[in-house]
């Protein structure tokens, strides 16, 4: 526990010295390129490419949906934007459309948190620092609380 807290402290200190990650979000497409229309970064998604990766994900989720249905367990899928998607205005994300379409036939419920998190970003100039762990792609305690609500 002490080692992990020390690691987090050092990580945040280094990030702070190097500058705030929020300023880089507007140009960072390393994780979200596949979600944005018109971007073709197939080589970054080897060996399947973007379309192959999507097909593989749909197959795996289809297997999960079948297994749950056989046991009468309802499937709920929740999608949310990465910080880069918020910073770059990707409101109509390919990822949200993909899982919304999948859920029309295979899920009990589909929940999109895009509008909630975009609204929070519009209401708070420092949304990244408040909703995400600075220097990380994961939600902070406040971000997790918002998602849970």
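The values are calculated or read from the model by the stated rules, or taken from the named source; none is laboratory data. Predicted model only: the values in this text are computed from it and were never measured. For neighbour counting, all protein chains shown are included, and Cβ atoms are generated from backbone atoms with ideal geometry for every residue, glycine included.
Table for the structure above
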read-out	value
Top-ranked residue in segment 52-83 [being within 20 Å of residue 121 (Cα to Cα) and touching a strand residue (DSSP E or B) at 6+ places or on another chain (Cβ under 6 Å); ranked as surrounded by the fewest Cβ atoms within 10 Å (Cβ to Cβ)]	78
Test result for residue 37, modelled with pLDDT of 75 or more, within 19 Å of residue 96 (Cα to Cα), touching a helix residue (DSSP H, G or I) at 6+ places or on another chain (Cβ under 9 Å) and part of a loop (DSSP other than H, G, I, E, B)	no
Subset of segment 104-149 [crowded, with 18+ Cβ neighbours inside 10 Å and part of a strand (DSSP E or B)]	110, 112, 132, 139
Within segment 40-60, tally of residues that are in contact with a helix residue (DSSP H, G or I) (Cβ under 9 Å, 6 or more places away or on another chain) and at pLDDT below 80	9
Members of segment 129-138 found to be touching a helix residue (DSSP H, G or I) at 6+ places or on another chain (Cβ under 6 Å) and under 12 Å from residue 81 (Cα atoms), listed by number	131, 132
Selected residue (only one of 81, 74 is assigned to a loop (DSSP other than H, G, I, E, B), at pLDDT 95 or above and touching a helix residue (DSSP H, G or I) at 6+ places or on another chain (Cβ under 8 Å))	74
Complete set of residues in segment 84-98 that are surrounded by 18 or more Cβ atoms within 10 Å (Cβ to Cβ) and assigned to a loop (DSSP other than H, G, I, E, B)	88, 90, 93
Test: residue in segment 6-17 that is at pLDDT below 90, surrounded by 12 or more Cβ atoms within 10 Å (Cβ to Cβ), more than 15 Å from residue 135 (Cα to Cα) and out of contact with any strand residue (DSSP E or B) (no Cβ under 6 Å at 6 or more places or on another chain)	no
